[in-house]
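Readers should treat all values here as calculations from the given coordinates under stated rules, not as data from a laboratory. Predicted model, so just to flag it, every value in this text is computed and none were measured. Virtual Cβ from ideal backbone geometry, glycine too; neighbours counted across all protein chains shown.
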Amino acid sequence: MAGTHKIQNKKTVCVVIAAFNEAAAISQVVKSVLQYAEQVVVVDDASIDTTSVEASKAGATVIKHLFNLGQGAALQTGFTFVNRTWPESIVVTFDADGQFEPSEISQAIKPVISGGYQVVLGSRFLGRATGMPFLRKVLLKMGIVFNWFMSGVHLTDAHNGFRVFSPDSIKQINIRQNRMAHASEIIDQIVSLKLKYIEVPVTVRYFRNRVGQSNVGSLQILRDIVFEKFS
Amino acid sequence: MTLYHLPSQVFISTIVLIVLLKTYQSAKLQKMNKPFLFIWLSFWLIVLMSIFNLGKLSQIAQAFGIGRGVDFVIYLSLIALFYFLYSLMVKYKQVQENMTKIVRELAIRDVKNKV
């Protein structure tokens, strides 16, 4: 039943999901998330399958990009839409591929509701990461060190898509990195905007038949971050 | 000036004159902004003067601690090319950001119109 697990509070919880060719998983993800949030916004980044149809049938508000821009751009589209439509919402970013556990949304939003925090960052290394390939673990650990060097922030998981933003912080965040470097950009902005943040444990499931972000993509992220810093 | 250098001087002069003619045509159609036009014309006039006065070019190069005039021109060209590439990347990023804003706005308005 929708809404059975929602925490009673005065703020609307809105989950933003950036999706690209996730027709197989998106329906289940949206239906599960709707048990923990009032609104789900799926930003379809010009998928070539039926992602937007499935998301809409499952109960999400669907926004569709005219052509593929990248996950960072899709998330910012979601943020802009939420700011205009439900400006007092707590915003949760969530992956479309079923890697995250929707039931953890309730715990994740608590620091924003009652802890005075403006940003909550999920960490698979504080929580659980099931089936993670070894090379991915190495790259993520390297990403943590690189992020520490670039932003001065020491996180246990620098590239986790499970995040929570308070209504005031989501109005200040402005993602300009269209592709995967947005994760580092968000952290940079949390620091520069002096937003109060905390890491919480989350579960991330890795599936054998899913590609996810490629390991080569990590080099592209590095290129984008360095260019952004020096341009 | 010696007969040995004459063929290359004629060849390079011809290319420079063609470039100057094309530049004149573009400038007439206002396809170039003035600062870029000034730098572009200055570069090609320096090239034209240099090929008929190679000794002078070598003197200038030696003042910068570089042995040959042609090496000096190559180093300058490389610096200019890298700067040009950098400025192209910055412009590309600006265009990309503007396109993102347009796509975003269209996508959001489409949802609002359907509601």
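A single member of A:137, A:57 is closer than 16 Å to residue A:42 by Cα, surrounded by fewer than 16 Cβ atoms within 10 Å (Cβ to Cβ), away from chain B (no Cβ under 14 Å) and of a type in the set (D, E, K, R), and it is A:57. Determine whether the stretch A:75-90 contains at least one residue that is surrounded by fewer than 17 Cβ atoms within 10 Å (Cβ to Cβ) and of a type in the set (D, E, K, R). The answer is yes; a qualifying residue exists. The stretch A:1-118 holds helices (runs of 4 or more DSSP H) entirely within its bounds, and those carrying 1 or more residues that are polar (S, T, N, Q), over 18 Å from the mean Cα position of the chain (by Cα) and more than 20 Å from residue A:197 (Cα to Cα) map to A:51-58, A:71-85.
Residues that are small (Gly, Ala, Ser) and under 21 Å from the mean Cα position of the chain (by Cα) were ranked within the stretch B:62-88; the one that is nearest to the other protein chains (Cβ to nearest Cβ) is B:87. Restricting attention to the stretch A:60-74 and to residues that are at the interface with another protein chain (Cβ under 9 Å from one of its Cβ atoms) and farther than 18 Å from residue A:184 by Cβ, the residue that is surrounded by the fewest Cβ atoms within 10 Å (Cβ to Cβ) turns out to be A:67. Restricting attention to the stretch B:45-76, the residues that are surrounded by 13 or more Cβ atoms within 10 Å (Cβ to Cβ) and among the small types (Gly, Ala, Ser) total 4.
Taking residue A:125 as the residue in question, decide whether it is among the aromatic types (Phe, Trp, Tyr), within 24 Å of residue A:181 (Cα to Cα) and more than 14 Å from every other protein chain (Cβ to nearest Cβ). So residue A:125 passes the test.
Of the candidates B:91, B:114, B:101, the single residue that is within 14 Å of chain A (Cβ to nearest Cβ), under 20 Å from the mean Cα position of the chain (by Cα) and basic (Lys, Arg) is B:91. Of the residues contained in the stretch A:103-116, none is found to be free of Cβ contacts under 8 Å to residues at least 60 places away in the same chain and farther than 23 Å from residue A:35 by Cβ.
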